[in-house]
2 protein chains.
Amino acid sequence: MPEKKQVNKSKKRVDARAKVTGKAKFGADLKFHNMLYGQVVRTEYPHAKIININKSKAEEYPGVEVVMTAEDIPNNLFGVIIENQQVLAEDRVLYIGDGVAMLAARSKKAAREAAKLIEVEYEELPGVYGVEEARQADSPVVMPGEENNQVIHHPLRKGDVSEGLTEADIVMERKYTTQFVEHAYIEPEAVTVVPEERNTLVTVYGAVQNPNATRDAVANVLDCDLSKVRIIQDNMGGSFGGKDENISAMACRAAVMALATNKPVQLVNSREESIIESYKRHPYTMNYKIGAKDDGELVAMEIEAVADSGAYACQTPFVTWRSVVQATGPYEVPNVKTDTYGFYTNSPYTGAMRGYGSPPVIFAQESMMDELAAELDLTPAEIRRKNMFKNNSRTASNQKLDNHEVSLTEVMDKALSAIDYHDKYEKYNQPQDSTIKRGIGFAISYRGVSLGAEAIDAAGAIVSVQKDGSIILYSGLAENGQGLKTVFSQIAAEELGVSLERITHMETDTSVSPESGSTVASRSTLVGGSAVKKAAENIKTVIAEFVAEEYDYSGKIIYRDDALYTKEGERIVAFPELAATAFHNGVFLSSYGWYKAPGISWDEETGQGRPYFTYVYGCQAAEVEVDTGTGEVKVVNMSAAHDVGKAINPANVRGQIYGGAVMALGHALMEDLGFSKGFIKHTNFDEYLIPTVKDAPENIEAIIVENPDPAGPYGAKSIGEPAMELGGAAINNAIAQATGRRLRDLPLNLERVLLGRNLSKED
Amino acid sequence: MPEKKQVNKSKKRVDARAKVTGKAKFGADLKFHNMLYGQVVRTEYPHAKIININKSKAEEYPGVEVVMTAEDIPNNLFGVIIENQQVLAEDRVLYIGDGVAMLAARSKKAAREAAKLIEVEYEELPGVYGVEEARQADSPVVMPGEENNQVIHHPLRKGDVSEGLTEADIVMERKYTTQFVEHAYIEPEAVTVVPEERNTLVTVYGAVQNPNATRDAVANVLDCDLSKVRIIQDNMGGSFGGKDENISAMACRAAVMALATNKPVQLVNSREESIIESYKRHPYTMNYKIGAKDDGELVAMEIEAVADSGAYACQTPFVTWRSVVQATGPYEVPNVKTDTYGFYTNSPYTGAMRGYGSPPVIFAQESMMDELAAELDLTPAEIRRKNMFKNNSRTASNQKLDNHEVSLTEVMDKALSAIDYHDKYEKYNQPQDSTIKRGIGFAISYRGVSLGAEAIDAAGAIVSVQKDGSIILYSGLAENGQGLKTVFSQIAAEELGVSLERITHMETDTSVSPESGSTVASRSTLVGGSAVKKAAENIKTVIAEFVAEEYDYSGKIIYRDDALYTKEGERIVAFPELAATAFHNGVFLSSYGWYKAPGISWDEETGQGRPYFTYVYGCQAAEVEVDTGTGEVKVVNMSAAHDVGKAINPANVRGQIYGGAVMALGHALMEDLGFSKGFIKHTNFDEYLIPTVKDAPENIEAIIVENPDPAGPYGAKSIGEPAMELGGAAINNAIAQATGRRLRDLPLNLERVLLGRNLSKED
């Protein structure tokens, strides 16, 4: 195997220069001739009837070009799974972020001032807040037209849980909860819609995480062909799963106003608007019942996990489905019964966020494993080693893990060793005489790569060699700031043996880029990267034919150092010269690449099947310092070992690990929207706290474990979400060691840590 | 063969609605945020040294953001064949359109006023005007660095001309000339360059006939990769070959200023600027010597054709090459010697214009055939029938015409019959006693389709089926207003059996569309249409596999009426449902299509070979009324029969014929730039006369002759230029009959017709 020149290298980001020089434009930087500024008027109540909307004063405000309500919208509904999101609320508002009217004006100020003149008369309705209430038979029904508040129920049945629990030497039952979490992307949402630009009805510019879903929504709302809506992706200042449905809603709103005025319309959310309107991470309420033998062998798990879907279905059916697969953790359990639900409430709706359905269940599962270990007088490491997946293990859905290396031992050993876990664990088990106490904890996981059996898992790319040897690359998956363009450029450069500078990675454009699903599920490198590789391989097939004819060489061609070589190492031709010669001979060097994930399956009745075609394995450990006088927790060290298959760009992988660990830290310790009956109290970063560099551990040891996966390009799998799902449990386990008290509710804030207080009564 | 539903039908133009409602945007309609208006300062003399340029006053003018001269341009040269065009003149101006400085300002007015403040000091130089002078050994050399003024010389030698002339019963020698002609597109040139838009260094918007050539020029001038320059085509208000190099020059200028100011820069020519700066049709001076037997059989032709290239080489080498192939007309001539030249002069440079190198030589050739017929007391029809190509004839380059039907007899019979030629010919040969006299004449031609052996002849397209069954189509060839988008959409719709409304034909975009050469040479339908067809066929291959799997049908699929049928006529699935189902199964329904023209060859030393892979055949006849008291000519009727292989859109074909005939009428009778030593007198349409509806014949009978060509999509060949190349000779022959006097110089203006005066002395 010759050494790789472009992949497995920490190449500088291809968009680094534009970003650090400020040249990169983000959604709100875009300016179009004659552009109008849009403003949305949102409800004053989380749940209310709209009695009347008077827009006449706003219409008269100087500079206002259009004022619209739901009745002005051709088709007011959209939704990625269940079509029940409203572009603007018709007769009822369902959560505090619902828009009731909108307008567009020639200045931002006019838009803002005129919006204040729109008079809406409401009749407040009793709301449903929290899944406990939503599940009651007599609960008000949130979603008009539904019989009750259940969005989804995923059952999983393996073996016989009753029997398993009977056979167990010990049965423990615990309740865990997690909170709503804000994505807290640094760039609030911004879209601009240009009407009738060239061949489309509308062109949407902005940071759109899922361009094709936004295209679906806009085409649906405008009642036109998909080909008539074009979404052109711009630089994204963070998304983390959060710029999907809410951006679609904004795009729909701006599109309707753009067509009404025949001018470009820009909608930019302020931070407050963003926090009030955007969807959140699902809060979960989880009941875990585990049966084990005295030696720690797991025999049964019975789990109920209930997610708060908020006002709309959004991605709840899929988010909760991932919870099903990961709820039992990376452990062999012969008897499993899980029931995972989503319920409507009048809280903000919830959707995709980094980790999707896994961080809540891993928080519960990996906290519970420590509780069980303590009960059985085993160490956290012992109980995990006893039960964790090995090669050919069978998962809760009865999938045999035989596709490649199950590296849980390796990731756990490496993460624990890096943080000096065992010594510290012993040490912190000894009495600590300061009020500042230390603890160490860890968590492990397995995680299905990509979308899984409930969605279409395929992606496409275009690689186009120009006649001067420069290369244009398009991907159906969008750069979200995670480094996708760099990784894809590296793959194209590696395949064609050229320097990275030859590649121009274009933005995703729905009228050009193959529809590839969303940039989610940590799927881009494997699925999208494979498509890029395939496109380059297709071109090499054409080149091989041409080389045979033009240069009289039919053997294997080695592509390296911007040239083509024979297998004996003799230079055939420089790459740019090849490109020019091929062009002048009418040989076409552009190709689509298309990758379809290997076969997967799922039985929705039983929760059995092959939900994912491959998995990643990870372990994160955290060392904390708890001020037992105040409840303040400082995470002093973390280690994180992740089997990524193969790192295309090790520096990027480490970046993902650092970011994921710190995001998990925020989830664990501080993030809190301050809900009160559907109202959000913390609508900006002065009150909604996210970790800063002061909160980050002094050291995060990022360990890249590589067991190349045959399914991925050069063996690569994924890292984006795996890096975020473990920190909460690891920190919680560390706090438990430091304080001697087990917490079960996120966030682990001052009060809970200080008082050791949980929401449920088991404690 | 089932009936075609989408092709061979006069479908409404796909861009008709946008154009008639005024929604279609042209280059000068584009507006960008912060856009600057550019202004070019042009030379005051056709040939001069630049002594000094003082730009300081202009720089101080309020609103001016940049003033530039040649020294500010990274690489000042470009050129499609010979790189000798200057973006701005350095030390010497070569023609009256040369730019010497440019600026960009925040308003059009500031740009215009500031431009007047740029002070240029010149030293006038003796100029070279006309090829007679340019050919002299002691002529000043126009192009710095060259030894003499010759741009190109194409010889052709077949048989032995001296011997042929000796064997002839009659030898005639005549000199013909043609004039400079303005393209007279209704939309003057307009481009806007946006700097650093997303992933490119510059994006160029505007009506660009040859987007890839403009990309070449801009990348060359900016010294960057081709992938960093993006050309996005906008609606084009006519081109006729004229929006190529001049648009490239404008794009280069705007690009340099856009990068200097970091703002979009728009350059729009006024009509005067357009006429002064843009390249023209080549004027030709042609000497024809023909030897024939008494019965009319041609035995030898010796031809010298000399084209005025003006100040730059531009496309002169290729334009004159087409003259070589067509100079002897569609006649079997055993002994041929032709020498075709281009020479630099200090006149405006000349380049591509509808017909390319053929209208001048056809004017000469087909006038000469009538002169010869008269001399031999044969009718024009008799002498042509005697000599014209039949199946398997050999051309002057010794190409055997065996690829498909040589339909000269058919086109001639149909054109002559439609205008009632024979009766009228007899009638007008009788003495006419009015001062208003009538005459009728005609001409025939064969014309090579597409670029021919001196260029790369391949084209690509993208057909992309979206999941709702709507279809996005990209072509590397650009819509010039001729109806290309309609024809390509029809082809895609026909192949996939869908209605035309499903297709969205995008504009050519060099970062998306396959590089396909220029929309010239009447090649689009055959070459580009074949690429569209191929892309659709590729998709059908994928669909067939999917249908076998999903619908259990493996036979031939019939695509019609927006659905798929078995060969027995049973409906398999509706097209939109197929698209959705394929998408949900991860089946990819987008494809490139690539078409490479069949092999051709050319020996530049002898002018022998297969210059084109196929030919079209045409005949046009004209009936004129000449006021012998004033010299005024009125063309009262025309007929035109063209073998187009197969008409994809008969209404479009007829439109091309009408337009071509009227354009030829302008060329023949009135178009005159009024040159005087390199200066242009007629710089607007008040003085530069082009035909209006008042000048057009009352009737133009357009006859579509169809002998499907195996090389073309559904047998289609071409029509754009063939429709323009015959009218001049036909009208001249009709005038000769009416007046009894043979004219040999275009235009056939009042004075020449009245006085029967020719420039040369043979008469």
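Summarising the amide proton neighbourhood of residue B:679: residues at separation of 5 or more, or on other chains, whose placed amide H is nearer than 5 Å comprise an empty set.
Inter-copy label distances at residue A:574, shortest first and taken from points set 7 Å along Cα to Cβ: 5.7 nm.
Dividing the convex hull volume of the alpha carbon atoms of the stretch A:602-738 by its residue count gives 170 Å³ per residue. Once backbone amide H atoms are built at 1.01 Å from N, residue A:504 has A:471, A:472, A:473 as its partners under 5 Å, excluding neighbours fewer than 5 places away on the same chain.
Annotation: amide H of residue B:160 within the under-5 Å range of B:336, sequence separation 5 or more or interchain, hydrogens built in the peptide plane. Ligands, DNA and RNA excluded, the heavy atoms of residue B:410 present near 60 Å² of accessible surface to a 1.4 Å solvent probe. Working note: Karplus 6.51/-1.76/1.60 with θ = phi - 60° gives the stretch B:606-623 the couplings 10, x, 10, x, 10, x, 9, 8, 7, 9, 10, 10, x, 9, 10, 10, 9, 10 Hz, where Gly and Pro are set to x. On a per residue basis, the convex hull of the C-alpha atoms belonging to the stretch A:417-517 measures out at 203 Å³.
A point 7 Å from Cα along Cα→Cβ stands in for residue A:677, and the other copies hold the same point at 9.5 nm, listed in rising order. Here the stretch A:289-383 is treated with +1 on each Lys and Arg Cβ and -1 on each Asp and Glu Cβ, and its dipole about the Cα centre works out to around 680 debye. The distance linking the stretch A:215-233 with the stretch A:599-671 is 36 Å (Cα centroid to Cα centroid, whole angstrom).
Sorted shortest first, the separations between the residue B:140 label point and its copies elsewhere in the assembly read 9.1 nm; each point sits 7 Å from Cα along the Cα-to-Cβ line.
Scoring B:339-348, A:234-243, B:418-427 by mean Cβ neighbours within 10 Å over their residues and listing the highest first yields B:339-348, A:234-243, B:418-427.
Averaged over A:583-589, how many beta carbons belonging to a partner chain fall within 10 Å of each residue's beta carbon?
For this peptide, the per-residue mean of nearby foreign Cβ atoms is 5.
Candidate membrane-span-like segments in chain B, meaning DSSP H helices with Cα atoms spread over at least 30 Å of their own axis and a Kyte-Doolittle mean of -0.5 or above, are B:529-550, with no membrane implied. Its convex hull of Cα atoms gives the stretch A:96-146 a direction-averaged projected area, equal to a quarter of the hull surface, of 5.3 nm².
In the structure displayed, which of B:243/B:337; A:437/A:694; B:386/B:414; B:9/B:424; A:243/A:337; B:289/B:427 lie more than 23 Å apart, Cα to Cα? Flagged as over cut-off: B:243/B:337; B:9/B:424; A:243/A:337; B:289/B:427. Projecting the Cα positions of B:274, B:342, B:318 onto the charge dipole of the stretch B:270-374 (unit charges on Cβ atoms of Lys, Arg, Asp and Glu, taken about the Cα centre) puts B:274 furthest along the positive direction.
Neighbours of residue B:133, meaning other residues whose beta-carbon lies under 14 angstrom from its beta-carbon, give a summed charge of -1 when Lys and Arg score +1 and Asp and Glu score -1. Taken per residue, the accessible surface of chain A reaches 34 Å², heavy atoms only and a 1.4 Å probe.
Solvent exposure of residue B:503, expressed as accessible area, is near 10 Å², computed with a probe of 1.4 Å over the protein chains only. Charged neighbours of residue B:601, selected by a Cβ distance under 14 Å, balance to -3 (K, R count +1; D, E count -1). Since only B:176, B:144, B:99 are under comparison, the one whose Cα sits farthest along the positive direction of the charge dipole of the stretch B:90-221, derived from C-beta charges on Lys, Arg, Asp and Glu, is B:99. Here the scattering of the protein assembly as shown is modelled by Debye summation over its C-alpha atoms, one equal scatterer each and no solvent; at q = 0.04, 0.05, 0.06 Å⁻¹ the log10 of I(q)/I(0) is -0.32, -0.48, -0.66.
Give me the orientation-averaged projected area of the Cα convex hull of the stretch A:703-756, in nm², one decimal.
Details: hull surface 20.8 nm².
For the Cα atoms of the stretch A:703-756, the hull's average projected area reads 5.2 nm².
In the P(r) worked out for the stretch A:543-590, what percent of Cα pairs fall beyond 15 Å? Walk me through the numbers on the way to the answer.
Numbers: 414 of 1128 pairs.
So the pairs more than 15 Å apart make up 37 percent of the total in the stretch A:543-590.
Based on the Kirkwood approach, the hydrodynamic radius assigned to chain A is 27.1 Å, with every pair of different Cα atoms included. Every helix of 4 or more DSSP H residues in chain A counts as -39500 (n - 2.57), and over all residues that averages to -8500 deg cm²/dmol at 222 nm.
In the stretch B:211-290, the alpha-carbon atoms span a convex hull of 151 Å³ per residue. Between chain B and chain A, roughly 4400 Å² of accessible surface gets buried, counting both sides and using a 1.4 Å probe.
If you take all other residues with their beta carbon under 13 Å from the beta carbon of residue A:148, and give Lys and Arg +1 and Asp and Glu -1, the sum is -3. Sorted into 10 angstrom bins from 0, the C-alpha pair distances of the stretch A:130-208 split as 11, 18, 21, 26, 14, 7, 4, 0 percent. Contact order, relative form, for chain B: 16 percent (alpha carbon pairs under 8 Å, 6 or more residues apart, mean separation divided by residue count).
How fast does the stretch B:1-135 diffuse by Stokes-Einstein, in µm²/s, taking the Kirkwood radius from C-alpha pairs at 25 °C and 0.890 mPa s? Estimated diffusion coefficient is 133 µm²/s.
If you take each beta carbon of peptide A:500-509 and count the beta carbons of other chains within 10 angstrom, what is the mean?
Mean inter-chain Cβ contacts per residue within 10 Å come to 3.
Rounded to whole numbers, the Karplus 3J(HN,Hα) couplings from phi for the stretch A:172-183 are 10, 9, 9, 10, 10, 9, 10, 9, 4, 9, 8, 5 Hz, using 6.51 cos²θ - 1.76 cosθ + 1.60 with θ = phi - 60°, and x at Gly and Pro.
The values are calculated or read from the model by the stated rules, or taken from the named source; none is laboratory data. Because the structure is predicted, anything quoted here is derived from the model rather than measured. Glycine gets a Cβ as well: all are built from the backbone with ideal geometry, and neighbour counts include every protein chain shown. Protein only, heavy atoms only, side chains kept; ligands, DNA and RNA dropped before computing areas. Shrake-Rupley method; radii C 1.70, N 1.55, O 1.52, S 1.80 Å.
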